[in-house]
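A quick write-up on the structure given underneath.
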Amino acid sequence: MGSKTFIILKPDALERGLVDKVMQRFLDAGFCIEHIHYRIADKALIINHYKDVIVREGPAFIGWLEKNFVGKPTLPMVLTHNDDNGIEIARNLLGDRRPEKALKGTIRGDYGIPVLDPLIPAMNLVHASDSLYSFNKEKNLWFQDPID
């Protein structure tokens, strides 16, 4: 039957010229790009997207988001996979959200920038939905036209 997942290539991936390398990893893992959109992130979008993380990390996280996302380019996309576990496959491909903990051979383990201070958010290149619920919420937030 297949499945879909939502990812965002974050500003650090674009700024470091890693779009082709990161996307090739997804393509090699059997994903196809169904929808892609170049989008400059604004504050409302980023705050809405990361509202659960802001609750967990505290209000200081908003300043980090503003510095590292607002006014910067992103590449949100919906990917399809023939396997029913596309969300899990994508997240395994990325590795741990903290690059210093991610295994070599994962995107974050190979290209992420380690941050040794656990209070500083990581530059981890890619966001990926963690569930079908977040997939639906995030794709509708990032794409202005409805996507199935």
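The values are calculated or read from the model by the stated rules, or taken from the named source; none is laboratory data. Owing to the predicted nature of the structure, the values given are computational and were not obtained by experimental measurement. Here the Cβ is made from the backbone with ideal geometry for all residues, glycine too, and neighbour counts use every protein chain on show.
Here are a few things to note about the model shown:
- Filtering Lys21, Lys4 for residues that are of a type in the set (D, E, K, R) and assigned to a strand (DSSP E or B) leaves a single hit, Lys4.
- Members of the stretch 32-47 that are in a helix (DSSP H, G or I), out of contact with any helix residue (DSSP H, G or I) (no Cβ under 6 Å at 6 or more places or on another chain) and under 26 Å from Leu79 (Cβ atoms): Ala44, Leu45, Ile47
- Scanning the stretch 57-86 for residues that are in contact with a Phe, Trp or Tyr (Cβ under 8 Å, 6 or more places away or on another chain), in a helix (DSSP H, G or I) and of a type outside the set (Phe, Trp, Tyr) gives Leu65, Gly86.
- Filtered by the rule that a residue be at pLDDT 95 or above and of a type in the set (A, V, I, L, M), the stretch 48-89 gives Val70, Leu75, Met77, Val78, Leu79, Ile87, Ile89.
- Selection from the stretch 116-148 of residues that are part of a loop (DSSP other than H, G, I, E, B) and hydroxyl-bearing (Ser, Thr, Tyr): Ser129, Ser131
- Ala41 meets the conditions (1) free of Cβ contacts under 8 Å to residues at least 40 places away in the same chain; (2) closer than 18 Å to Pro99 by Cβ; (3) in contact with a Ser or Thr (Cβ under 9 Å, 6 or more places away or on another chain) in every case but one. The failed one is (2).
- Subset of the stretch 44-71 (residues that are within 19 Å of Phe6 (Cβ to Cβ) and either buried (at least 16 other Cβ atoms within 10 Å of the Cβ) or free of Cβ contacts under 8 Å to residues at least 60 places away in the same chain (or both)): Ala44, Leu45, Ile46, Ile47, His49, Tyr50, Lys51, Asp52, Val53, Leu65, Phe69
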